[in-house]
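Please read the structure below before turning to the comments.
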Amino acid sequence: MICKKSTSFIGNTGLLLLIWAVLAFSPFATHAQGVQNQSNTEDVVRRIRFSGNQNVKDRTLETLIRTKTNREFLGIPRFTPWYFIWKLSNGSFGEAPAYLDRQMVANDMERLSLYYRSLGYLNVAVDTTIVEYRTHKIEVSFLIEEGTASTIETISYSGMPEFDEPDTKFNFLRGGLLTGSSINDSTFYVRRQYNTQELVDEQQRIITFLKNSGYASVQRDSVIALVDSSAIPELHIQFRINPGKVFRFGDIHINLEDGITPRELSQRDTLSGEPHTIDSTNAIYLAKEPESQTNFGLLSGQVLFKPGDVYNHSLYLGTINEYQNLGMLFIERFAQSESNVQPDFTQEEIPSYFNLQTITKHTISSEFFGMKRYGYGTGFGVDYTNNNVFGNAENLSIGANTSFEYVTPSTLENILGDSTSTTQSSLFRSYELRADYSVPRLNFPFAFLDNRPSFTNAVTRYSLSYSRSDQLYFDINSDVRFNLRYEVNHTPRFSSFFDLIELDIVDTDPSRDYIANLRNEFGSDTLNDGTIVDSFELQRILEDFNPQISSIIRYTFRSQNTDLIKRNYGYFSEYSASLGGNIPYLFDKHIVTPNTLEGHLPSLFKLSENSLSYSRFFKLSADYRRYIPISNSAVFAWRLYGGYAQPYGGSTSIPLNRRFFAGGSNDIRGWAPFQLGPGTIAADNVNIPGGEIKLAAFTEARQILIRNFVGANWHGAWFTDAGNIWYGAENDFRDQNNKDRLEEGRFKFDRFYKQIAISSGLGLRLDWQYVVVRFDFAFRVHDLQNGWLNNRKLYFSFGIGHSF
């Protein structure tokens with residue numbers, strides 16, 4: 001609550017903007033009356049201007065007013081194609097004109113005044129002019145005299161209670177956003193510009209601190225801010241606090257229903273005394289229906305506080321969050337009184353009531369999907385889910401999917417060359433079997449962190465999968481992967497993912513056309529018995545396709561404050577560090593052949609005579625994306641990506657499936673997946689697929705063209721992508737003449753910028769509430785083989801979701 005002097009008290013946050021909206025500002029009332037005349041329904045607002053706003057941007061003021069012009073394409077002033085379509089179609093299509101509403105202009109003046117006063121411009125004056133510069137075409141100008149910004153000189157606190165620890169009170173007050181050096185133990189210098197929102201934030205900080213310290217009855221009207229404006233523009237703020245008394249947690253009542261009538265909570269349990277309650281005078285009362293198939297220990301284990309302990313509102317809210325994160329139930333009701341909405345603050349203890357209900361335990365789902373990679377394809381998937389396997393909120397998911405993609409012979413010929421289309425299959429197939437088991441808590445060895453601050457929302461996930469797929473240059477005959485991952489949402493913005501064990505056993509075969517291209521490049525010999533002997537270089541390349549085993553230990557940190565579907569504001573960032581190959585290395589050195597390092601392992605369960613090669617490496621990557629609204633219907637987005645990997649410990653390469661690749665609808669458009677790089681090596685002349693270094697940058701401007709047509713918003717997009725991959729310094733590949741075969745693809749500081757591939761083009765997005773369908777048409781602005789603007793071919797890509 002904030003008030004001027006001590007004559008007015010405002011308790012609602014939204015009303016805080018009225019703090020200086022006093023009727024004494026007579027020019028405001030006069031201006032409002034000056035625009036009350038009846039609007040002419042033929043007058044269309046074509047221009048809106050602001051003048052005098054030295055300290056607030058036009059874009060900010062535009063978001064405050066309700067007077068609008070018609071939608072502008074990409075924010076270009078007065079370029080309103082949808083309005084002109086409406087005119088040409090006599091109102092059948094497009095956007096109706098934005099007619100002038102003089103009462104709305106008056107209300108906009110009030111909004112602007114209140115906003116300025118909330119920023120400390122207490123003597124602001126807002127006027128307006130409405131000019132018909134052409135017949136029925138109106139320009140609305142808002143004339144702003146900002147005046148001098150007021151500053152808060154000091155801030156003081158009165159009524160803050162004392163605590164057991166003598167420094168608790170002072171340290172809390174000193175830790176505020178507004179507090180500077182201290183004058184005494186409750187008064188501090190501020191000396192910064194007045195801002196209403198900062199006072200609201202400080203008010204909320206005080207309320208949160210008190211509610212977490214036992215003062216459960218604290219409300220907004222318990223903390224008021226008095227503003228002394230007698231020496232304007234210097235202001236003095238005093239927070240007056242009425243904390244009430246200290247409360248404790250009372251009994252806890254937890255009921256779990258199965259959602260089937262009649263309601264029979266026939267199974268009950270009562271927990272009292274340590275470790276569940278402070279003493280035996282309080283208890284946790286548990287009741288459930290038998291068909292809920294849930295253990296009582298799961299229900300009581302989510303409670304973060306003990307009956308009898310000092311009240312802490314954050315622990316109460318955290319408990320609600322714990323139940324929500326279980327994934328196998330929803331909360332019908334949570335309250336601190338059996339029948340009323342508000343707790344009974346006449347008592348010393350505050351009870352807690354949680355009424356829960358399980359969701360459907362068994363579910364089966366299926367999906368059909370389309371895809372575009374080299375050609376067009378479709379797929380089908382089915383999943384079975386059991387969301388409470390053993391009664392402790394365990395989730396088991398078993399799924400399978402398969403896909404088919406048809407690539408025309410002409411496309412294969414363009415990619416692989418004239419001689420390959422007769423041997424390479426035009427039908428690319430893939431399928432995957434997977435099982436995922438997860439529990440909503442941290443298991444060994446991190447169980448000790450569970451339910452600690454910033455670790456209350458955690459999942460331990462075990463996954464196993466088997467897949468095979470056809471690729472353009474190689475086929476994955478089998479890929480068996482096991483993963484043990486710990487996922488923690490520290491806050492709504494910050495998350496961590498720790499892959500303690502990720503084992504991957506992959507068996508690949510290069511395609512016949514790929515080998516034929518390599519033999520054409522490097523040559524081969526034919527013995528008298530007809531056996532083809534490959535060159536030294538080719539044998540080195542084919543080592544990449546030997547059966548391999550790789551292991552990863554990886555930590556990923558993610559920070560975001562955007563809608564992951566719409567991606568129309570805020571940012572998204574992800575940073576990852578991983579270490580690979582240590583598990584097979586330890587088996588090789590200490591178990592399979594003790595004290596002898598072979599550099600490979602025998603086939604798993606002796607299923608094959610081929611040994612499993614491995615390599616040790618580390619890998620780093622950083623991904624940052626920004627989404628900037630440039631108007632109410634347009635967004636400018638950009639993304640930067642960097643990745644670096646390097647083998648170590650005697651290894652000279654990185655496993656094929658751990659390298660960086662470039663190209664594709666979610667990467668650098670204009671190139672198909674795996675078709676770009678490394679460096680300036682042509683796609684049909686790749687020596688060793690993938691690279692150890694990747695740099696990429698992306699930009700995209702999106703503008704809503706049509707709203708709510710077939711249930712979707714239609715966005716137009718203009719994008720530019722740039723980047724490439726390169727071999728690292730450790731990837732050494734020389735022929736018998738000691739010539740570096742990777743020279744054109746190796747990263748060099750003095751030339752890498754010349755090897756940046758660039759594409760640009762236009763796209764269309766169909767944006768439904770939960771899915772975005774994307775169509776992109778790209779040109780290669782800088783084709784690494786053809787140079788700048790020499791490739792005029794149009795490349796199409798299709799995707800689900802925004803590209804970034």
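From the list Tyr406, Tyr466, the one residue that fits, being modelled with pLDDT of 90 or more, under 30 Å from Phe674 (Cα atoms) and either open to solvent by 30 Å² or more (accessible area, probe 1.4 Å) or of a type in the set (Ser, Thr, Tyr) (or both), is Tyr466.
Set side by side, the residues Ile207, Ile237, Ile232 differ, and just one is in contact (Cβ under 8 Å) with a residue 24 or more places away in the chain and touching a helix residue (DSSP H, G or I) at 6+ places or on another chain (Cβ under 9 Å), which is Ile237. Consider Tyr575 carefully, then state whether it is open to solvent by 50 Å² or more (accessible area, probe 1.4 Å) and at pLDDT 90 or above. It is true that Tyr575 is open to solvent by 50 Å² or more (accessible area, probe 1.4 Å) and at pLDDT 90 or above.
Whether any residue in the stretch 637-660 is at positive phi and surrounded by fewer than 19 Cβ atoms within 10 Å (Cβ to Cβ) is what I want to check. So far as the stretch 637-660 goes, yes, one or more of its residues are at positive phi and surrounded by fewer than 19 Cβ atoms within 10 Å (Cβ to Cβ). Where in the stretch 138-244 are there strands (runs of 3 or more DSSP E), lying fully within it, with 2 or more residues that are under 30 Å from Asp344 (Cβ atoms), open to solvent by less than 60 Å² (accessible area, probe 1.4 Å) and hydrophobic (A, V, I, L, M, F, W, C)? Once the strands (runs of 3 or more DSSP E) in the stretch 138-244 are filtered for at least 2 residues that are under 30 Å from Asp344 (Cβ atoms), open to solvent by less than 60 Å² (accessible area, probe 1.4 Å) and hydrophobic (A, V, I, L, M, F, W, C), what remains is 223-231, 234-241. What are the residues in the stretch 603-631 that are under 21 Å from Phe545 (Cβ atoms) and either surrounded by 15 or more Cβ atoms within 10 Å (Cβ to Cβ) or modelled with pLDDT of 90 or more (or both), if any? Of everything in the stretch 603-631, those that are under 21 Å from Phe545 (Cβ atoms) and either surrounded by 15 or more Cβ atoms within 10 Å (Cβ to Cβ) or modelled with pLDDT of 90 or more (or both) turn out to be Ser603, Ser611, Leu612, Ser613, Tyr614, Ser615, Arg616, Phe617, Lys619. Just one of the listed residues (Leu100, Leu112) is touching a helix residue (DSSP H, G or I) at 6+ places or on another chain (Cβ under 9 Å) and at pLDDT 90 or above, and it is Leu112.
Which of the residues spanning the stretch 749-772 are within 17 Å of Val635 (Cβ to Cβ) and among the β-branched types (Val, Ile, Thr)? Matches in the stretch 749-772: Val772 only.
Does the stretch 286-314 hold any residues that are of a type in the set (A, V, I, L, M, F, W, C), in a helix (DSSP H, G or I) and in contact (Cβ under 8 Å) with a residue 60 or more places away in the chain, and which are they? Passing the criteria: only Leu298.
One residue stands out among those in the stretch 758-773 that are more than 19 Å from the chain's Cα centre (by Cα) and more than 24 Å from Asn790 (Cα to Cα): the one that is surrounded by the fewest Cβ atoms within 10 Å (Cβ to Cβ), which is Leu764. Residues that are open to solvent by 20 Å² or more (accessible area, probe 1.4 Å), under 9 Å from the mean Cα position of the chain (by Cα) and not hydrophobic (A, V, I, L, M, F, W, C) within the stretch 547-568 comprise Arg558, Gln560, Asn561, Asp563, Arg567, listed in sequence order.
In the set (1) in a helix (DSSP H, G or I); (2) open to solvent by 20 Å² or more (accessible area, probe 1.4 Å), the condition left unmet by Glu322 is number (2).
Condition check: within 28 Å of Trp671 (Cα to Cα), hydrophobic (A, V, I, L, M, F, W, C), open to solvent by less than 50 Å² (accessible area, probe 1.4 Å) and in contact (Cβ under 8 Å) with a residue 40 or more places away in the chain. Does Phe497 satisfy that? In short, no.
The values are calculated or read from the model by the stated rules, or taken from the named source; none is laboratory data. The shown structure was predicted, so the numbers you read here are calculated from the model rather than taken from an experiment. Virtual Cβ from ideal backbone geometry, glycine too; neighbours counted across all protein chains shown. Protein only, heavy atoms only, side chains kept; ligands, DNA and RNA dropped before computing areas. Shrake-Rupley method; radii C 1.70, N 1.55, O 1.52, S 1.80 Å.
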